[in-house]
Amino acid sequence: MIKVSLISLGCAKNLVDSEIMIGHLHQAGMVVIPEAEKADVVIVNTCSFIDSSKEESIGHILEVHQNRGLRKRRKEQKLIVAGCMSQRFSKDLSSELAHEVDAFIGLDQITRVAPIIEGIFAKERGANPVSEVHVTPRSTYIPDYNTPRFRLTPKHFAYVKIAEGCNHPCTFCIIPQIRGRHRSRTVDSVVAEARQLVKEGVRELNLISQDTTFFGMDTWDERPNPRTPVDSRRGAALTTLLRELNAIEGDFWIRLLYTHPAHWSDELIQTIAECPKVARYIDIPLQHISDAMLERMQRETSGGYIRDLIRRIRAGIPGIAVRTTFIVGFPGETEADVDELCDFIRETKFERLGVFRYSQEEGTRGAKMEHQVPAKVKEARWHRLMALQQEIARGVSKSQVGRTIRVLVEEPGVARGEADAPDIDGRVYLPRDLPVGEFVDVKINSFHDYDLLALPTGEQPVVYKIAKQAQ
Ligand code: F3S
(Lines give C-alpha, C1' and ligand atoms only; values in the text may rest on other atoms or scores of the structure.)
Protein backbone atom coordinates (compact mmCIF):
# COMPACT_ATOMS: atom_id res chain seq x y z
CA MET A 1 0.00 0.00 0.00
CA ILE A 2 1.44 3.36 -1.04
CA LYS A 3 1.86 5.84 1.86
CA VAL A 4 1.54 9.52 0.97
CA SER A 5 2.24 12.64 3.03
CA LEU A 6 0.99 16.07 1.95
CA ILE A 7 2.26 19.53 2.94
CA SER A 8 -0.41 22.16 2.22
CA LEU A 9 0.77 25.77 1.85
CA GLY A 10 -1.00 28.99 0.86
CA CYS A 11 -4.64 29.96 1.26
CA ALA A 12 -7.90 28.17 2.03
CA LYS A 13 -8.52 27.63 -1.71
CA ASN A 14 -5.32 25.64 -1.89
CA LEU A 15 -6.32 23.78 1.27
CA VAL A 16 -9.54 22.62 -0.44
CA ASP A 17 -7.40 21.38 -3.35
CA SER A 18 -5.27 19.44 -0.83
CA GLU A 19 -8.46 17.95 0.62
CA ILE A 20 -9.56 16.87 -2.86
CA MET A 21 -6.18 15.26 -3.54
CA ILE A 22 -6.38 13.33 -0.26
CA GLY A 23 -9.95 12.26 -1.08
CA HIS A 24 -8.77 10.80 -4.39
CA LEU A 25 -5.73 9.13 -2.79
CA HIS A 26 -8.03 7.40 -0.28
CA GLN A 27 -10.37 6.37 -3.09
CA ALA A 28 -7.42 4.75 -4.88
CA GLY A 29 -6.54 2.76 -1.74
CA MET A 30 -3.48 4.82 -0.75
CA VAL A 31 -2.78 5.74 2.87
CA VAL A 32 -2.22 9.37 3.85
CA ILE A 33 0.07 9.88 6.84
CA PRO A 34 1.30 13.01 8.64
CA GLU A 35 4.99 12.00 8.87
CA ALA A 36 6.80 12.89 5.65
CA GLU A 37 9.82 10.79 6.65
CA LYS A 38 7.76 7.57 6.66
CA ALA A 39 5.96 8.24 3.36
CA ASP A 40 6.61 6.67 -0.04
CA VAL A 41 5.48 9.91 -1.68
CA VAL A 42 5.54 13.49 -0.41
CA ILE A 43 3.32 16.08 -2.12
CA VAL A 44 4.08 19.76 -1.55
CA ASN A 45 0.99 21.81 -2.48
CA THR A 46 2.57 25.20 -3.12
CA CYS A 47 1.60 28.88 -3.12
CA SER A 48 2.94 31.46 -5.55
CA PHE A 49 1.17 34.66 -4.51
CA ILE A 50 4.17 36.81 -3.61
CA ASP A 51 7.94 36.31 -3.36
CA SER A 52 7.84 35.18 0.25
CA SER A 53 5.25 32.47 -0.55
CA LYS A 54 7.43 31.20 -3.43
CA GLU A 55 10.47 31.13 -1.13
CA GLU A 56 8.49 29.21 1.48
CA SER A 57 7.34 26.70 -1.16
CA ILE A 58 10.87 26.17 -2.50
CA GLY A 59 12.13 25.84 1.07
CA HIS A 60 9.71 22.98 1.76
CA ILE A 61 10.58 21.20 -1.52
CA LEU A 62 14.31 21.35 -0.78
CA GLU A 63 13.81 20.28 2.82
CA VAL A 64 11.88 17.16 1.77
CA HIS A 65 14.58 16.39 -0.80
CA GLN A 66 17.44 16.85 1.67
CA ASN A 67 15.75 14.77 4.34
CA ARG A 68 15.24 11.81 2.03
CA GLY A 69 18.93 12.13 1.03
CA LEU A 70 19.96 12.04 4.70
CA ARG A 71 17.88 8.93 5.25
CA LYS A 72 19.27 7.40 2.05
CA ARG A 73 15.76 7.16 0.64
CA ARG A 74 16.43 9.23 -2.47
CA LYS A 75 15.41 6.38 -4.76
CA GLU A 76 12.38 5.03 -2.90
CA GLN A 77 10.70 8.25 -1.79
CA LYS A 78 9.04 10.28 -4.56
CA LEU A 79 8.51 14.03 -4.43
CA ILE A 80 5.58 15.72 -6.20
CA VAL A 81 5.02 19.46 -6.45
CA ALA A 82 1.41 20.62 -6.89
CA GLY A 83 -0.51 23.89 -6.48
CA CYS A 84 -0.13 27.45 -7.70
CA MET A 85 3.66 27.53 -8.04
CA SER A 86 3.61 24.32 -10.05
CA GLN A 87 0.82 25.68 -12.26
CA ARG A 88 2.68 28.92 -12.85
CA PHE A 89 6.34 27.87 -13.10
CA SER A 90 6.36 24.16 -13.98
CA LYS A 91 8.39 24.77 -17.17
CA ASP A 92 11.23 26.60 -15.42
CA LEU A 93 11.10 24.50 -12.28
CA SER A 94 11.09 21.17 -14.10
CA SER A 95 14.55 21.93 -15.47
CA GLU A 96 15.90 23.68 -12.35
CA LEU A 97 14.63 20.99 -9.97
CA ALA A 98 14.88 17.96 -12.30
CA HIS A 99 17.05 16.07 -9.76
CA GLU A 100 14.88 16.93 -6.79
CA VAL A 101 11.28 16.63 -8.05
CA ASP A 102 9.74 13.53 -9.63
CA ALA A 103 6.61 15.23 -10.98
CA PHE A 104 4.90 18.61 -11.19
CA ILE A 105 1.12 18.61 -11.33
CA GLY A 106 -1.20 21.52 -12.15
CA LEU A 107 -4.47 22.71 -10.65
CA ASP A 108 -6.57 20.69 -13.08
CA GLN A 109 -4.76 17.45 -12.25
CA ILE A 110 -5.69 17.27 -8.54
CA THR A 111 -8.27 14.57 -9.23
CA ARG A 112 -5.67 12.53 -11.17
CA VAL A 113 -3.05 12.51 -8.45
CA ALA A 114 -3.37 8.76 -7.73
CA PRO A 115 -2.77 7.50 -11.32
CA ILE A 116 0.11 10.00 -11.63
CA ILE A 117 1.72 8.48 -8.51
CA GLU A 118 1.19 4.96 -9.83
CA GLY A 119 2.82 6.01 -13.11
CA ILE A 120 5.89 7.37 -11.30
CA PHE A 121 6.39 4.08 -9.45
CA ALA A 122 5.94 2.16 -12.68
CA LYS A 123 8.92 3.97 -14.22
CA GLU A 124 12.51 3.96 -12.99
CA ARG A 125 14.24 7.31 -13.21
CA GLY A 126 17.50 7.12 -15.17
CA ALA A 127 20.94 8.48 -14.31
CA ASN A 128 19.95 11.89 -15.75
CA PRO A 129 16.45 12.28 -14.34
CA VAL A 130 13.80 14.51 -15.86
CA SER A 131 10.78 15.64 -13.86
CA GLU A 132 7.41 14.62 -15.27
CA VAL A 133 5.13 17.61 -15.92
CA HIS A 134 1.35 17.17 -15.76
CA VAL A 135 0.08 20.73 -16.14
CA THR A 136 -2.51 22.12 -18.55
CA PRO A 137 -1.89 25.80 -19.33
CA ARG A 138 -5.33 27.29 -18.54
CA SER A 139 -7.00 26.01 -15.43
CA THR A 140 -10.72 25.31 -15.88
CA TYR A 141 -11.46 22.73 -13.13
CA ILE A 142 -14.12 23.29 -10.47
CA PRO A 143 -15.13 20.65 -7.89
CA ASP A 144 -18.71 19.42 -7.40
CA TYR A 145 -20.65 18.33 -4.31
CA ASN A 146 -19.74 14.68 -4.84
CA THR A 147 -16.02 15.21 -5.54
CA PRO A 148 -14.10 12.89 -3.18
CA ARG A 149 -12.65 15.07 -0.43
CA PHE A 150 -11.12 14.52 3.00
CA ARG A 151 -11.49 17.58 5.23
CA LEU A 152 -8.35 18.86 6.93
CA THR A 153 -10.15 21.45 9.08
CA PRO A 154 -11.52 20.60 12.55
CA LYS A 155 -14.85 18.78 12.57
CA HIS A 156 -16.84 21.94 13.35
CA PHE A 157 -15.86 24.17 10.41
CA ALA A 158 -15.34 23.73 6.69
CA TYR A 159 -14.34 25.72 3.66
CA VAL A 160 -16.75 25.51 0.74
CA LYS A 161 -15.29 26.57 -2.60
CA ILE A 162 -18.26 28.08 -4.43
CA ALA A 163 -16.32 29.26 -7.49
CA GLU A 164 -12.80 29.20 -8.89
CA GLY A 165 -10.76 31.64 -10.99
CA CYS A 166 -11.05 35.41 -11.34
CA ASN A 167 -12.05 37.86 -14.11
CA HIS A 168 -10.82 41.04 -12.41
CA PRO A 169 -7.91 42.94 -13.96
CA CYS A 170 -6.07 44.02 -10.75
CA THR A 171 -2.60 45.10 -11.85
CA PHE A 172 -0.82 43.78 -8.71
CA CYS A 173 -2.21 40.24 -8.81
CA ILE A 174 -1.01 37.12 -10.57
CA ILE A 175 -3.79 34.81 -9.37
CA PRO A 176 -6.10 35.15 -12.44
CA GLN A 177 -3.19 33.98 -14.60
CA ILE A 178 -2.71 30.97 -12.34
CA ARG A 179 -6.29 29.98 -11.50
CA GLY A 180 -7.95 30.95 -14.82
CA ARG A 181 -11.28 32.61 -15.61
CA HIS A 182 -14.07 32.72 -13.05
CA ARG A 183 -16.37 29.68 -13.08
CA SER A 184 -19.12 29.17 -10.52
CA ARG A 185 -20.60 25.98 -9.21
CA THR A 186 -24.37 25.70 -9.41
CA VAL A 187 -26.49 26.73 -6.43
CA ASP A 188 -27.73 23.12 -6.18
CA SER A 189 -24.19 21.75 -6.05
CA VAL A 190 -23.13 24.09 -3.21
CA VAL A 191 -26.36 23.50 -1.29
CA ALA A 192 -25.97 19.69 -1.58
CA GLU A 193 -22.43 19.94 -0.18
CA ALA A 194 -23.50 22.32 2.61
CA ARG A 195 -26.40 20.06 3.61
CA GLN A 196 -24.01 17.13 3.92
CA LEU A 197 -21.49 19.12 5.94
CA VAL A 198 -24.13 20.33 8.37
CA LYS A 199 -25.33 16.73 8.71
CA GLU A 200 -21.76 15.75 9.63
CA GLY A 201 -21.75 18.28 12.48
CA VAL A 202 -20.15 21.32 10.81
CA ARG A 203 -21.13 24.52 12.66
CA GLU A 204 -19.52 27.02 10.30
CA LEU A 205 -19.47 27.06 6.50
CA ASN A 206 -16.83 29.43 5.16
CA LEU A 207 -17.72 30.34 1.57
CA ILE A 208 -14.59 30.94 -0.49
CA SER A 209 -13.55 31.74 -4.06
CA GLN A 210 -11.38 34.48 -5.61
CA ASP A 211 -14.41 36.81 -5.71
CA THR A 212 -17.39 35.50 -3.78
CA THR A 213 -19.68 38.38 -4.82
CA PHE A 214 -19.25 37.38 -8.50
CA PHE A 215 -20.81 33.97 -7.78
CA GLY A 216 -23.19 32.93 -10.58
CA MET A 217 -22.61 36.02 -12.72
CA ASP A 218 -20.31 34.19 -15.13
CA THR A 219 -23.39 32.24 -16.23
CA TRP A 220 -25.47 35.33 -17.04
CA ASP A 221 -26.22 36.14 -20.69
CA GLU A 222 -25.14 39.73 -20.23
CA ARG A 223 -21.77 40.41 -18.58
CA PRO A 224 -22.41 42.32 -15.33
CA ASN A 225 -20.93 45.79 -15.28
CA PRO A 226 -18.92 46.29 -12.10
CA ARG A 227 -20.34 49.79 -11.68
CA THR A 228 -24.04 48.94 -12.01
CA PRO A 229 -26.14 47.36 -9.24
CA VAL A 230 -26.42 43.58 -9.22
CA ASP A 231 -29.88 42.19 -9.76
CA SER A 232 -30.32 38.46 -9.15
CA ARG A 233 -33.34 38.37 -11.48
CA ARG A 234 -30.74 38.14 -14.26
CA GLY A 235 -29.59 34.74 -13.02
CA ALA A 236 -28.13 32.85 -10.06
CA ALA A 237 -26.19 35.11 -7.70
CA LEU A 238 -24.71 35.08 -4.23
CA THR A 239 -28.05 36.31 -2.89
CA THR A 240 -29.83 33.24 -4.31
CA LEU A 241 -27.21 30.97 -2.77
CA LEU A 242 -27.28 32.65 0.66
CA ARG A 243 -31.06 32.36 0.93
CA GLU A 244 -30.94 28.64 0.05
CA LEU A 245 -28.08 27.95 2.47
CA ASN A 246 -29.87 29.88 5.20
CA ALA A 247 -32.91 27.62 4.71
CA ILE A 248 -30.93 24.44 5.52
CA GLU A 249 -32.12 23.08 8.83
CA GLY A 250 -29.56 23.08 11.63
CA ASP A 251 -27.57 25.38 13.89
CA PHE A 252 -24.63 26.84 11.97
CA TRP A 253 -23.00 30.03 10.70
CA ILE A 254 -22.36 30.93 7.07
CA ARG A 255 -19.30 33.15 6.67
CA LEU A 256 -18.53 35.19 3.56
CA LEU A 257 -14.87 35.48 2.65
CA TYR A 258 -13.16 37.26 -0.29
CA THR A 259 -15.91 39.62 -1.49
CA HIS A 260 -14.67 42.08 -4.12
CA PRO A 261 -16.30 45.50 -3.51
CA ALA A 262 -17.25 46.02 -7.19
CA HIS A 263 -20.19 43.60 -7.20
CA TRP A 264 -21.80 44.41 -3.86
CA SER A 265 -25.42 45.54 -4.13
CA ASP A 266 -28.30 46.69 -1.92
CA GLU A 267 -29.89 43.33 -2.69
CA LEU A 268 -26.90 41.54 -1.15
CA ILE A 269 -26.93 43.83 1.90
CA GLN A 270 -30.64 43.16 2.42
CA THR A 271 -30.14 39.40 1.94
CA ILE A 272 -27.43 39.23 4.61
CA ALA A 273 -29.58 41.30 6.96
CA GLU A 274 -32.52 38.92 6.43
CA CYS A 275 -30.56 35.65 6.78
CA PRO A 276 -29.84 35.02 10.47
CA LYS A 277 -27.39 32.18 9.75
CA VAL A 278 -25.11 34.47 7.74
CA ALA A 279 -22.51 35.73 10.21
CA ARG A 280 -22.50 39.47 10.88
CA TYR A 281 -19.04 39.60 9.30
CA ILE A 282 -17.77 40.39 5.85
CA ASP A 283 -14.34 40.12 4.32
CA ILE A 284 -14.04 42.83 1.67
CA PRO A 285 -10.49 43.50 0.42
CA LEU A 286 -10.44 47.20 -0.55
CA GLN A 287 -6.67 47.53 -1.26
CA HIS A 288 -6.70 51.38 -1.20
CA ILE A 289 -8.94 54.43 -0.98
CA SER A 290 -7.09 57.01 -3.07
CA ASP A 291 -8.65 57.36 -6.54
CA ALA A 292 -5.21 57.57 -8.14
CA MET A 293 -4.15 54.26 -6.56
CA LEU A 294 -7.45 52.49 -7.24
CA GLU A 295 -7.12 53.54 -10.88
CA ARG A 296 -3.53 52.29 -11.18
CA MET A 297 -4.48 49.06 -9.40
CA GLN A 298 -7.49 48.74 -11.75
CA ARG A 299 -9.81 47.95 -8.90
CA GLU A 300 -12.97 48.92 -10.83
CA THR A 301 -14.01 51.07 -7.85
CA SER A 302 -13.37 54.62 -6.63
CA GLY A 303 -12.89 56.19 -3.21
CA GLY A 304 -16.41 57.66 -3.35
CA TYR A 305 -17.95 54.30 -4.30
CA ILE A 306 -16.13 52.51 -1.46
CA ARG A 307 -17.06 55.12 1.19
CA ASP A 308 -20.70 54.95 0.12
CA LEU A 309 -20.69 51.12 0.05
CA ILE A 310 -19.25 50.80 3.57
CA ARG A 311 -21.80 53.33 4.83
CA ARG A 312 -24.65 51.31 3.22
CA ILE A 313 -23.31 48.00 4.58
CA ARG A 314 -23.06 49.38 8.14
CA ALA A 315 -26.53 50.95 7.92
CA GLY A 316 -28.14 47.89 6.31
CA ILE A 317 -26.62 45.16 8.51
CA PRO A 318 -26.58 46.32 12.14
CA GLY A 319 -23.69 44.87 14.16
CA ILE A 320 -21.65 43.88 11.09
CA ALA A 321 -17.89 43.43 11.58
CA VAL A 322 -15.95 44.53 8.50
CA ARG A 323 -12.59 42.94 7.65
CA THR A 324 -10.48 44.43 4.90
CA THR A 325 -6.95 44.46 3.53
CA PHE A 326 -4.89 47.30 2.10
CA ILE A 327 -1.72 47.32 0.04
CA VAL A 328 0.93 49.95 0.74
CA GLY A 329 3.81 50.83 -1.56
CA PHE A 330 2.09 50.18 -4.89
CA PRO A 331 3.96 51.99 -7.73
CA GLY A 332 3.28 55.71 -7.73
CA GLU A 333 1.88 55.82 -4.19
CA THR A 334 2.62 59.19 -2.56
CA GLU A 335 2.63 60.32 1.07
CA ALA A 336 -0.64 62.13 0.31
CA ASP A 337 -2.21 58.80 -0.79
CA VAL A 338 -1.08 57.20 2.48
CA ASP A 339 -2.44 60.17 4.49
CA GLU A 340 -5.80 59.71 2.76
CA LEU A 341 -5.73 56.00 3.53
CA CYS A 342 -4.93 56.64 7.21
CA ASP A 343 -7.77 59.18 7.46
CA PHE A 344 -10.14 56.64 5.91
CA ILE A 345 -9.05 53.91 8.34
CA ARG A 346 -9.44 56.32 11.28
CA GLU A 347 -12.94 57.33 10.14
CA THR A 348 -14.18 53.84 9.27
CA LYS A 349 -12.72 51.98 12.27
CA PHE A 350 -12.56 48.56 10.58
CA GLU A 351 -13.13 45.80 13.10
CA ARG A 352 -10.47 43.69 11.36
CA LEU A 353 -7.73 44.92 9.04
CA GLY A 354 -4.65 43.44 7.35
CA VAL A 355 -1.93 45.38 5.52
CA PHE A 356 0.34 44.01 2.78
CA ARG A 357 3.54 45.58 1.49
CA TYR A 358 3.26 45.63 -2.34
CA SER A 359 5.29 42.83 -3.94
CA GLN A 360 6.55 43.37 -7.51
CA GLU A 361 5.33 40.17 -9.14
CA GLU A 362 6.74 39.02 -12.45
CA GLY A 363 3.99 38.71 -15.07
CA THR A 364 1.77 41.47 -13.62
CA ARG A 365 1.26 44.95 -15.09
CA GLY A 366 2.14 46.57 -11.77
CA ALA A 367 5.62 45.04 -11.94
CA LYS A 368 6.37 47.00 -15.12
CA MET A 369 5.02 50.32 -13.86
CA GLU A 370 7.26 53.30 -13.28
CA HIS A 371 7.76 54.84 -9.83
CA GLN A 372 8.25 51.62 -7.88
CA VAL A 373 8.39 52.43 -4.16
CA PRO A 374 11.63 51.57 -2.29
CA ALA A 375 11.40 48.71 0.24
CA LYS A 376 12.26 51.03 3.18
CA VAL A 377 9.40 53.36 2.33
CA LYS A 378 6.98 50.42 2.02
CA GLU A 379 8.13 49.20 5.41
CA ALA A 380 7.60 52.61 7.05
CA ARG A 381 4.11 52.90 5.54
CA TRP A 382 3.23 49.38 6.67
CA HIS A 383 4.30 50.23 10.26
CA ARG A 384 2.29 53.45 10.16
CA LEU A 385 -0.92 51.64 9.18
CA MET A 386 -0.38 48.76 11.57
CA ALA A 387 0.21 51.11 14.52
CA LEU A 388 -2.94 53.02 13.63
CA GLN A 389 -4.99 49.81 13.37
CA GLN A 390 -3.66 48.51 16.69
CA GLU A 391 -5.07 51.60 18.38
CA ILE A 392 -8.41 51.13 16.59
CA ALA A 393 -8.50 47.40 17.39
CA ARG A 394 -8.04 48.17 21.09
CA GLY A 395 -11.04 50.51 20.91
CA VAL A 396 -13.08 47.85 19.07
CA SER A 397 -12.15 45.20 21.67
CA LYS A 398 -12.88 47.59 24.56
CA SER A 399 -16.34 48.27 23.16
CA GLN A 400 -17.10 44.54 23.49
CA VAL A 401 -16.48 44.41 27.26
CA GLY A 402 -19.70 43.75 29.15
CA ARG A 403 -21.46 42.36 26.07
CA THR A 404 -22.83 38.84 25.74
CA ILE A 405 -21.90 37.14 22.48
CA ARG A 406 -22.22 33.72 20.96
CA VAL A 407 -18.94 31.95 20.27
CA LEU A 408 -17.86 28.70 18.64
CA VAL A 409 -15.41 26.80 20.83
CA GLU A 410 -12.32 25.96 18.75
CA GLU A 411 -10.22 24.06 21.27
CA PRO A 412 -10.12 23.86 25.08
CA GLY A 413 -10.05 27.46 26.34
CA VAL A 414 -10.21 29.13 22.90
CA ALA A 415 -13.21 30.24 20.84
CA ARG A 416 -14.14 32.52 17.96
CA GLY A 417 -17.04 34.94 17.72
CA GLU A 418 -18.99 35.89 14.61
CA ALA A 419 -16.45 38.65 14.01
CA ASP A 420 -13.52 36.19 13.83
CA ALA A 421 -12.81 34.07 10.75
CA PRO A 422 -10.66 30.96 11.24
CA ASP A 423 -6.90 31.49 11.16
CA ILE A 424 -6.94 35.23 10.36
CA ASP A 425 -8.80 37.06 13.11
CA GLY A 426 -8.73 37.34 16.90
CA ARG A 427 -9.65 34.84 19.57
CA VAL A 428 -11.95 34.70 22.58
CA TYR A 429 -10.26 33.05 25.59
CA LEU A 430 -12.52 31.30 28.07
CA PRO A 431 -12.54 28.47 30.64
CA ARG A 432 -11.12 25.19 29.32
CA ASP A 433 -14.10 23.02 30.19
CA LEU A 434 -16.46 24.34 27.50
CA PRO A 435 -17.38 21.84 24.77
CA VAL A 436 -15.17 22.01 21.67
CA GLY A 437 -17.09 22.42 18.40
CA GLU A 438 -20.24 23.82 20.06
CA PHE A 439 -21.79 27.27 20.34
CA VAL A 440 -21.75 28.88 23.78
CA ASP A 441 -23.03 32.22 25.11
CA VAL A 442 -20.30 34.13 26.91
CA LYS A 443 -19.91 37.52 28.56
CA ILE A 444 -16.82 39.51 27.59
CA ASN A 445 -15.05 40.70 30.73
CA SER A 446 -11.71 41.92 29.42
CA PHE A 447 -9.49 42.23 26.32
CA HIS A 448 -5.91 42.24 25.14
CA ASP A 449 -5.36 44.10 21.82
CA TYR A 450 -7.17 41.92 19.25
CA ASP A 451 -8.28 39.15 21.65
CA LEU A 452 -11.12 38.99 24.13
CA LEU A 453 -11.43 37.24 27.51
CA ALA A 454 -14.82 35.85 28.46
CA LEU A 455 -16.81 33.76 30.91
CA PRO A 456 -19.93 31.72 30.22
CA THR A 457 -23.13 33.59 31.05
CA GLY A 458 -25.00 32.61 34.23
CA GLU A 459 -23.89 30.09 36.81
CA GLN A 460 -23.92 27.22 34.38
CA PRO A 461 -22.44 27.55 30.89
CA VAL A 462 -25.27 27.81 28.33
CA VAL A 463 -24.63 25.30 25.57
CA TYR A 464 -26.67 25.36 22.40
CA LYS A 465 -27.66 21.81 21.66
CA ILE A 466 -28.56 20.87 18.14
CA ALA A 467 -32.19 19.81 18.60
CA LYS A 468 -32.41 17.93 15.36
CA GLN A 469 -29.74 17.15 12.82
CA ALA A 470 -30.28 18.67 9.41
CA GLN A 471 -31.69 16.30 6.85
FE1 F3S B 1 -3.88 30.86 -2.75
FE2 F3S B 1 -1.30 31.28 -2.99
FE3 F3S B 1 -2.64 30.21 -4.96
S4 F3S B 1 -2.74 32.63 -2.01
S5 F3S B 1 -4.71 31.02 -4.81
S6 F3S B 1 -2.29 29.32 -2.92
S7 F3S B 1 -1.07 31.76 -5.15
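Miscellaneous remarks
- Summed over region 95-108, the residues that are within 16 Å of the ligand (Cβ to nearest atom) and either modelled with pLDDT under 90 or open to solvent by 20 Å² or more (accessible area, probe 1.4 Å) (or both) give a count of 1.
- Residue count, region 207-225 (criterion: open to solvent by 20 Å² or more (accessible area, probe 1.4 Å), free of Cβ contacts under 8 Å to residues at least 60 places away in the same chain and within 20 Å of the chain's Cα centre (by Cα)): 0
- Close Cβ contacts (under 6 Å, 6 or more residues apart or on different chains) running from residues in region 295-315 that are in the same structural domain as Phe350 (by TED's automatic domain parsing) and more than 16 Å from Thr325 (Cβ to Cβ) to residues that are open to solvent by 80 Å² or more (accessible area, probe 1.4 Å) and part of a helix (DSSP H, G or I) comprise Ser302/Asp291; Gly303/Asp291.
- Residue in region 109-125 that is closer than 20 Å to Glu193 by Cα, of a type outside the set (A, V, I, L, M, F, W, C) and within 16 Å of the ligand (Cβ to nearest atom) present: no
- Test result for Arg255, surrounded by 17 or more Cβ atoms within 10 Å (Cβ to Cβ), among the charged types (D, E, K, R) and more than 28 Å from Gln287 (Cβ to Cβ): no
- Single match in Ser189, Ser184 (criterion: over 18 Å from the mean Cα position of the chain (by Cα) and under 21 Å from Leu107 (Cα atoms)): Ser189
- Of all residues in region 302-332, those being part of a loop (DSSP other than H, G, I, E, B) and touching a strand residue (DSSP E or B) at 6+ places or on another chain (Cβ under 9 Å) number 6.
- Restricting Glu193, Glu204, Glu164 to residues that are within 22 Å of Leu9 (Cβ to Cβ) and either open to solvent by 20 Å² or more (accessible area, probe 1.4 Å) or in contact (Cβ under 8 Å) with a residue 24 or more places away in the chain (or both) narrows the list to Glu164.
- Residues that are without any contact (Cβ under 8 Å) to a residue 40 or more places away in the chain and under 20 Å from Ala158 (Cα atoms), drawn from region 240-272: Leu242, Arg243, Asn246, Ala247
- Test: Glu340 is over 20 Å from Tyr258 (Cβ atoms), open to solvent by 60 Å² or more (accessible area, probe 1.4 Å) and outside the structural domain of Ile282 (by TED's automatic domain parsing): no
- Conditions (1) within 24 Å of Ser209 (Cβ to Cβ); (2) within 16 Å of the ligand (Cβ to nearest atom); number of the one not met by Gly23: (2)
- The sole residue among Ile327, Ile392, Ile345, Ile320 that is in contact with a Leu (Cβ under 7 Å, 6 or more places away or on another chain) and in the same structural domain as Glu274 (by TED's automatic domain parsing) is Ile345.
The values are calculated or read from the model by the stated rules, or taken from the named source; none is laboratory data. In this text, all values refer to a predicted model and were calculated from it rather than measured experimentally. All Cβ positions, glycine included, derive from the backbone under ideal geometry; neighbour counts span all protein chains shown. These accessible areas exclude ligands, DNA and RNA; they are computed on the full protein's heavy atoms, side chains included. Shrake-Rupley method; radii C 1.70, N 1.55, O 1.52, S 1.80 Å.
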